[in-house]
Amino acid sequence: MAQRPRRLLLRLAALCIALLPLVIAGCTLREYPQSSLNPQSDYASAIQSLLEKLVFWVVVIFVIVEGLLVYTVIRFRARPGAPDPKPVHGNTALEIGWTIAPALILAFVAVPTVLTIWKTQGAPPPGALQVRVVGHQWWWEFQYPELGITTGSEMHVPLHRAIAVNIESADVIHSFWFPAIGGKRDAVPGHVNHMWFTPDSVGTFPGQCAELCGVSHANMRMKLFVEPPDAFEAWAAQQKKPPAEPDTSTLAGHGRALFAQSACIGCHTIDGISAGIIGPNLTHIGSRTSIAGSMFPNDAPHLAKWIAQPDKEKPGTLMLNLGLPPDQVDALVAYLQSLK
Ligand code: CUA
């Protein structure tokens with residue numbers, strides 16, 4: 001072999017080795033919690049299997065085309081004194097070949113794509129659990145009309161049961177997205193979008209608004225808890241209970257009285273006390289793991305900071321800074337934590 005092609009081959013090999021870390025990184029991406037390469041439902045698995053099919057064909061085509069290109073560049077490169085190559089214009093066999101081949105390739109891409117669209121966009125199976133999802137700036141509301149439950153930022157579903165999600169918005173366009181569960185679906189004001197999925201593994205999966213919706217778009221997060229059916233039933237039974245009523249002599253009891261007299265009631269619902277719908281329903285806020293659109297963990301220090309200065313904690317939030325003194329904040333925190 002001549003000196004130049006060998007050098008070219010060496011360079012190609014070096015390029016392949018340089019690209020190897022990207023391939024390895026692609027594999028480890030599955031480990032990230034928000035990875036969409038880590039399917040945990042029938043919907044996400046259908047998309048994953050489509051992606052793998054398409055990537056397979058793309059790789060085959062890439063290798064063939066680039067292989068032919070590299071071969072041609074080396075084999076037919078200009079040499080001193082070489083004659084001009086013979087043109088292939090008017091070669092009927094070649095022209096038929098390069099018309100049929102792309103048509104077949106497109107069929108290989110189109111058929112599985114359309115089948116996956118039919119599979120994932122159809123009506124949910126009968127008996128699916130209905131969940132109404134409402135996007136707000138900047139948190140998610142989850143209502144279970146059949147169960148009479150309303151919660152915020154954290155969605156609970158039973159394992160192996162179809163979940164029919166009906167998605168709306170209270171203000172601007174958001175996009176509902178749990179990467180482990182399936183594709184994005186927009187939450188549009190005045191319109192209901194639908195999707196359904198059947199979760200196939202127990203776990204907690206993070207989600208995120210996927211449509212730029214204002215200054216705290218990045219802070220519009222959520223969590224999905226996929227639980228065995230009995231654990232889901234226990235969660236639902238707890239959520240249906242009336243809110244805790246702490247003894248009036250306790251700090252939490254003091255907090256309850258404060259809540260009932262404060263501006264909190266204008267925006268938040270606690271069953272039997274208030275009926276605000278601007279902010280999340282707090283009837284069982286103490287049972288949640290996160291607050292403020294899943295931005296902070298639900299513990300006393302974060303809750304206190306959130307109540308004392310929401311405007312500093314979350315840019316643009318509609319939650320008002322009521323200028324409460326620390327003792328009142330502590331009482332409200334104790335009360336909210338009692339609402340298990
Ligand atoms: Cu809601 Cu971005």
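Key figures
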{"read-out": "Pick from the stretch 207-221, criterion in contact with a strand residue (DSSP E or B) (Cβ under 6 Å, 6 or more places away or on another chain) and either over 16 Å from VAL165 (Cβ atoms) or outside any strand (DSSP E or B) (or both), ranking: farthest from the ligand (Cβ to nearest atom)", "value": "ARG221"}
{"read-out": "Residue check for SER249: out of contact with any Leu (no Cβ under 8 Å at 6 or more places or on another chain), polar (S, T, N, Q) and within 30 Å of VAL172 (Cα to Cα)", "value": "no"}
{"read-out": "Of the criteria (1) more than 12 Å from the ligand (Cβ to nearest atom); (2) out of contact with any strand residue (DSSP E or B) (no Cβ under 7 Å at 6 or more places or on another chain), which one ASN193 fails", "value": "(2)"}
{"read-out": "Answer residue from the stretch 258-307, given it is charged (D, E, K, R) and farther than 16 Å from ALA331 by Cβ and is surrounded by the fewest Cβ atoms within 10 Å (Cβ to Cβ) among those", "value": "ASP299"}
{"read-out": "Output for the stretch 231-274, where each listed residue is closer than 25 Å to LEU318 by Cα and in a loop (DSSP other than H, G, I, E, B)", "value": "PRO243, SER262, CYS267, HIS268, ASP271, GLY272, ILE273"}
{"read-out": "Matching residues in the stretch 211-247 - criterion: being at pLDDT below 95 and buried (at least 18 other Cβ atoms within 10 Å of the Cβ)", "value": "PRO243, PRO246"}
{"read-out": "VAL188 β-branched (Val, Ile, Thr) and within 16 Å of the ligand (Cβ to nearest atom)", "value": "yes"}
{"read-out": "Test: PHE142 is away from the ligand (no atom under 12 Å from the Cβ), surrounded by 22 or more Cβ atoms within 10 Å (Cβ to Cβ), within 16 Å of the chain's Cα centre (by Cα) and within 24 Å of LEU318 (Cβ to Cβ)", "value": "yes"}
{"read-out": "Residue among THR116, THR72 that is part of a helix (DSSP H, G or I), in contact (Cβ under 8 Å) with a residue 12 or more places away in the chain and of a type in the set (Val, Ile, Thr)", "value": "THR116"}
{"read-out": "Count of residues meeting criterion [in contact with a Leu (Cβ under 7 Å, 6 or more places away or on another chain) and either in a loop (DSSP other than H, G, I, E, B) or more than 30 Å from PRO199 (Cβ to Cβ) (or both)] in the stretch 83-113", "value": "1"}
{"read-out": "Residue list for the stretch 160-185, restricted to those being within 9 Å of the chain's Cα centre (by Cα), more than 12 Å from the ligand (Cβ to nearest atom) and either in contact (Cβ under 8 Å) with a residue 60 or more places away in the chain or in a strand (DSSP E or B) (or both)", "value": "PRO179, ALA180, ILE181, GLY182, GLY183"}
{"read-out": "Selection count where residues are over 20 Å from SER49 (Cα atoms) and either crowded, with 16+ Cβ neighbours inside 10 Å or among the small types (Gly, Ala, Ser) (or both), scope the stretch 186-204", "value": "6"}
{"read-out": "Residue that is away from the ligand (no atom under 16 Å from the Cβ), under 30 Å from ILE61 (Cβ atoms), surrounded by 12 or more Cβ atoms within 10 Å (Cβ to Cβ) and among the β-branched types (Val, Ile, Thr), where the choices are THR150, THR120, THR99", "value": "THR120"}
{"read-out": "Total residues in the stretch 186-195, condition in contact with an Asp or Glu (Cβ under 9 Å, 6 or more places away or on another chain) and in a strand (DSSP E or B)", "value": "4"}
{"read-out": "LEU224 more than 29 Å from LEU322 (Cβ to Cβ), of a type in the set (A, V, I, L, M, F, W, C) and within 16 Å of the ligand (Cβ to nearest atom)", "value": "no"}
{"read-out": "Search result, residues across the stretch 275-323 that are free of Cβ contacts under 8 Å to residues at least 40 places away in the same chain, farther than 17 Å from SER153 by Cβ and part of a loop (DSSP other than H, G, I, E, B)", "value": "GLN309, ASN321, GLY323"}
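The rows are residues; the columns are (1) farther than 24 Å from VAL215 by Cβ; (2) at pLDDT below 95; (3) aliphatic (A, V, I, L, M).
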{"position": "PRO280", "(1), (2), (3)": "no, no, no"}
{"position": "THR289", "(1), (2), (3)": "yes, no, no"}
{"position": "ALA300", "(1), (2), (3)": "yes, no, yes"}
{"position": "LEU303", "(1), (2), (3)": "no, no, yes"}
{"position": "LYS314", "(1), (2), (3)": "no, no, no"}
{"position": "LEU322", "(1), (2), (3)": "no, yes, yes"}
{"position": "VAL333", "(1), (2), (3)": "yes, no, yes"}
{"position": "LYS340", "(1), (2), (3)": "yes, yes, no"}
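The values are calculated or read from the model by the stated rules, or taken from the named source; none is laboratory data. Worth saying up front: this structure is predicted, and the values here are computed from it rather than measured. Glycine gets a Cβ as well: all are built from the backbone with ideal geometry, and neighbour counts include every protein chain shown.
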